[in-house]
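The values are calculated or read from the model by the stated rules, or taken from the named source; none is laboratory data. These numbers come from a predicted model, not from an experiment. A quick note on method: Cβ atoms are made from the backbone with ideal geometry, for glycine too, and the neighbour counts reach across all protein chains shown.
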């Protein structure tokens, strides 16, 4: 062990929402860096298996693990099945999330609010809980690292588009800081990344496929980022190179 927060060479990482976008990029890079990877997905098994196959072709080891992070039983089952198939989880990337339908607050339904809260907030908390139960030295674990995927929306506010989404990511930021302090003495580091405008399908899925092109000029570096660039930041936070970093929120936003 190098400092706190995970073994010096790989370990078992569970990536929620690992079948596409940032999650898939994290899973592939983790496999290339020597981690054994649990690729969590909710519905698209084929996409998750494609990520697993890519990791295997690169000489890594991975498994597709189904589970809806908004359901407590699914979360517990995903961690149990990961442990049985790959070994004890030593790292968690809390990536699963939804943006919801863009629009002003007054057009929002209660069902939409609860869906975002159940996945983005409750799902993050439940997955972190299961990770702590397994990693914490207080519970006989060997330590580990958690990275929560937040969003620049948490500090920009999402006005006119996604104030509801921004609020859930603000909760993720607060949770990251508090949990980091709670488990720091138990061998677990907890950090977050806040991606900005990133080239993934989330914009089209939310009904605004032209969003990246429209907003790219507002980014100081002049372009949208890639899922791979976010993955690099996440893998650094998981690694022993970040052994003295906990409670941090790292913006990967091109300066926006």
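I'd like the residue in the range 121-143 that is free of Cβ contacts under 8 Å to residues at least 60 places away in the same chain, in contact with a strand residue (DSSP E or B) (Cβ under 7 Å, 6 or more places away or on another chain) and closer than 28 Å to residue 164 by Cβ and, out of all such residues, is surrounded by the fewest Cβ atoms within 10 Å (Cβ to Cβ). Among them, the one singled out is 132. If you check residue 231 against the conditions, is it out of contact with any strand residue (DSSP E or B) (no Cβ under 8 Å at 6 or more places or on another chain) and surrounded by fewer than 19 Cβ atoms within 10 Å (Cβ to Cβ)? Against the criterion (out of contact with any strand residue (DSSP E or B) (no Cβ under 8 Å at 6 or more places or on another chain) and surrounded by fewer than 19 Cβ atoms within 10 Å (Cβ to Cβ)), residue 231 does not qualify. Beta carbons closer than 9 Å, at least 6 apart along the sequence or on distinct chains, pair a first residue in the range 191-216 that is at positive phi and surrounded by fewer than 18 Cβ atoms within 10 Å (Cβ to Cβ) with a second that is in a loop (DSSP other than H, G, I, E, B) and at pLDDT 85 or above for 207/101; 207/102. Of the candidates 160, 222, the single residue that is surrounded by fewer than 20 Cβ atoms within 10 Å (Cβ to Cβ), farther than 29 Å from residue 110 by Cβ and over 15 Å from the mean Cα position of the chain (by Cα) is 222. Residues that are under 19 Å from the mean Cα position of the chain (by Cα) and either outside any helix (DSSP H, G or I) or modelled with pLDDT of 95 or more (or both): does the range 203-219 have at least one? Yes, the range 203-219 has at least one match.
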